[in-house]
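Undergrad: Starting off with a structure, shown below.
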Amino acid sequence: WILKPIGFEQGRKYPVAFLIHGGPQGSWEDHFHYRWNPQAYAGAGYVMVSIDPHGSTGYGQSITDGVNFDWGGKPYDDLMKGLDHVLANYSYADGDRVGALGASYGGYMVNWIAGHTDRFKCLVSHDGELDIKSSYYITEELWFPEWEMGGTPWEKETLYERFSPSEYVQNWKTPMLVIHGALDFRLPETEGMAVFTALQRRGIPSKFLYFPDENHWVLKAKNSILWHETVIGWLDQWLKK
């Protein structure tokens, strides 16, 4: 999906909001909820780009299963190739002003991106995972990591460690906004706090937005307003200078 910004003028270049969906077995579809509304970014003056990588639904089971045992592999490559395609074919998308945003698995991917490329000017990680191995022991959904990694951490230790963003914190450079809910039992609040700690200790510009009354999603209207004001404000700070 590509949405042009409000007031679009041919010949101008616009900053890009690059959205990464969760799941990872999910898809960008024509729907609205309190966290991801692509029109909000177009309305704020951004080219909104969202891509379905391996792991997405709707393209056959083999594509959906392509994320298994490969969380930071094929999906990451797909996202980078998709963004390259957009920047090469849509001249109004400014490749020097791109921010990446994601929640849940999308937040994991943002944390992974932080350690593997500095092509983005800023990042937004909502309810993202930092350490797959340690989070296994605190999540309320044990079936999920065992399915994704093919077993428990003591059975598949190498795979859990290989695809944990925590293993690549030494490469982090990009400013990041971190968001987490206190009632998130899928990926408890300590994951977001750990990401923020890593950013602060590395001296990277960063901000932490904490919702004491939200779970793995944003479900309350007033919280959604604060969420969008904070997220778009962060994008504006780094992409509209």
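Undergrad: Taking the Cα centre of each part, how many Å lie between region 100-137 and region 7-57?
TA: Cα centres, region 100-137 to region 7-57: 17 Å.
Undergrad: Follow-up question, since we're still on this one. Where the only charges are on Cβ atoms (+1 Lys, Arg; -1 Asp, Glu), what is the dipole of region 50-184 about its Cα centre, to the nearest 20 debye?
TA: The dipole of region 50-184 has a size of about 500 debye.
Undergrad: I've got another one for you. Between Thr190 and Lys241, how many nm apart are label points set 7 Å from Cα along the C-beta direction?
TA: So the label points at Thr190 and Lys241 sit 3.6 nm apart.
Undergrad: Now for a different question. At 7 Å along Cα-to-Cβ for each site, give me the label-to-label distance between Glu155 and Gln170 in nm.
TA: Label-label distance for Glu155 and Gln170, simple model: 3.2 nm.
Undergrad: To continue, here is another question. Do any of Lys13/Lys207; Lys13/Lys133; Lys156/Lys222; Lys133/Lys173; Lys133/Lys241; Lys81/Lys207 go past 31 Å between their Cα atoms, and which?
TA: In this structure, Lys13/Lys133; Lys156/Lys222; Lys133/Lys241 exceed 31 Å between Cα atoms.
Undergrad: Can you order the peptides 94-104, 30-40, 67-77 by their average number of other Cβ atoms within 10 Å per residue, highest first? Mind dumping the intermediate values first?
TA: Numbers: 94-104: 21.7, 30-40: 14.6, 67-77: 18.8.
Result, highest mean Cβ count within 10 Å first: 94-104, 67-77, 30-40.
Undergrad: Still on this structure, I have one more. 7 Å from Cα along Cα→Cβ at both Ser134 and Ser27: what's the point-to-point distance in nm?
TA: So the two model labels end up 3.7 nm from each other.
Undergrad: Mind grabbing the accessible area of Ser91 for me, 1.4 Å probe, Å², rounded to tens?
TA: Accessible area of Ser91: about 80 Å².
Undergrad: Could you tell me the calculated FRET efficiency between Ile6 and Ala182, based on Cβ-Cβ distance and R0 = 45 angstrom, to the nearest 0.05? Let's see the in-between values first.
TA: Values: r = 34 Å, r/R0 = 0.76.
My answer for the efficiency is 0.85.
Undergrad: Whenever you get a sec, line up Ile132, Ile51 from highest to lowest accessible area (probe 1.4 Å, protein heavy atoms).
TA: These residues rank, largest area first, as Ile51, Ile132.
Undergrad: Counting Lys +1, Arg +1, Asp -1, Glu -1, what net charge surrounds Ala194 among other residues with beta carbon under 12 Å of its beta carbon?
TA: Neighbourhood net charge equals -3.
Undergrad: When the chain is fully extended, how far beyond the present Cα-Cα distance does Asp65 get from Arg119, taking 0.36 nm per residue of separation?
TA: 16.7 nm
The values are calculated or read from the model by the stated rules, or taken from the named source; none is laboratory data. No experiment lies behind these values; they were computed from the predicted model shown. Heads up, the Cβs are rebuilt from the backbone with ideal geometry, glycines too, and the neighbour counts pull from every protein chain shown. Surface areas here come from the heavy atoms of the whole protein model, side chains and all, with no ligands, DNA or RNA. Shrake-Rupley method; radii C 1.70, N 1.55, O 1.52, S 1.80 Å.
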